[in-house]
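Some notes on the structure that comes next.
The values are calculated or read from the model by the stated rules, or taken from the named source; none is laboratory data. Keep in mind that what you see is a predicted model, and the values were worked out from it rather than measured. In this analysis, Cβ positions are derived from the backbone assuming ideal geometry, glycine residues included, and neighbour counts consider all displayed protein chains. All accessible areas refer to the heavy atoms of the entire protein, side chains included, with ligands and DNA or RNA removed. Shrake-Rupley method; radii C 1.70, N 1.55, O 1.52, S 1.80 Å.
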Amino acid sequence: GSNAWSNDVHQDRFDVSRLAQWERIFSYADTKGMFLHFKTQETENDNLMDGGNVGRERKLYYRELIARFSHHLALNWNMGEENTQSTGQRKDMAEYFADTDPYGHLRVIHTYPNQQDQVYDALTGGQSDYTGASIQTSNPNQQQTFSDTRKWVARSGNAGKPWVVAVDEPGNASIGVDSDPDDRKLTRHRVVWGNFMARRPQSKRHHRRY
């Protein structure tokens, strides 16, 4: 009856009115030149659909996202924030997006700071269809961005497929981008420029003689 619908979560039903509202927001973001970062799930719910597998519910959800939003100009699909699924499940999610998204947008995954090696090493190179990483650091002074970005740019490149590495959680879990002007300067310096400069290829410096 109606009570069952109001009390249960149905993984194969979508609020099309809300999705239409999202489309208006994303279209406006396109006009502003914004890059859209789709976090498809969080650690709290990443095993709810199909027990974490790429089954009927998850495929339906992914196809809905791709059909409605993949036409946008610049975006990535994040397979899970602080993801707790297995390596096999992570690979299957990226493979499904690679096979289904006609625009070939970036496919990334996010993990806890102390689990980067455990999660990412198994996904680099030809081991998976991931094309990048979404990094969380743990240093409260936001001083890990350059080193963590450089590490995974280098490791993925050495594995034969360089990743696009983003840092979407700088500092630690309780720190974001502060509203204080001085702290914003540190964020630009340590996070934004730290990430940009770490993604540049390493090369010998050539000094010009005058």
- Overall dimensions of segment 17-156 by Cα: Rg and Dmax, Å: 15.4, 43
- The relative contact order of the chain, taking Cα pairs under 8 Å that sit 6 or more residues apart, comes to a percentage of 14 percent
- May I have the count of lysine pairs in the chain with C-alpha atoms under 26 Å apart, counting pairs 8 or more residues apart or located on different chains? 12
- Task: Name the residues whose placed amide hydrogens come within less than 5 Å of the amide hydrogen of residue 167, ignoring near sequence neighbours (fewer than 5 apart) on the same chain.
- Result: 135
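Quick check: at a probe of 1.4 Å, how many percent of the accessible area of segment 18-147 sits on carbon and sulfur atoms? Could you put the intermediate results ahead of the total?
Values: 3040 of 6200 Å².
Summing carbon and sulfur atoms, their accessible area is 49 percent of the total for segment 18-147.
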- Message: How compact is segment 24-95 by the rule of thumb for globular proteins, expressed as Cα Rg over 2.2 N^0.38 Å?
- Response: 1.18
- When all C-alpha to C-alpha distances in segment 85-187 are sorted into bins of 10 Å, what percent of pairs does each bin hold, rounded to whole numbers? 15, 43, 29, 12, 1
- If you average over every viewing direction, what projected area does the convex hull of the Cα atoms of segment 54-96 give, in nm²? 3.4 nm²
- Task: Enumerate the amide H contacts of residue 81 below 5 Å, restricted to partners 5 or more residues apart or on another chain; note that Pro and chain-start residues carry no placed amide H.
- Result: 41, 42, 43
- segment 69-130 - Rg over Rh from alpha carbon coordinates, Kirkwood radius: 0.97
- Using 18 Å as the cut-off for backbone N distance, which residues of segment 91-109 belong to the label zone defined by a point 7 Å from the Cα of residue 175 along Cα→Cβ? none
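Take the Cα atoms of segment 115-160, build their convex hull, and give its volume per residue in Å³.
Details: hull volume 2.9 nm³, N = 46.
That works out to 62 Å³ per residue.
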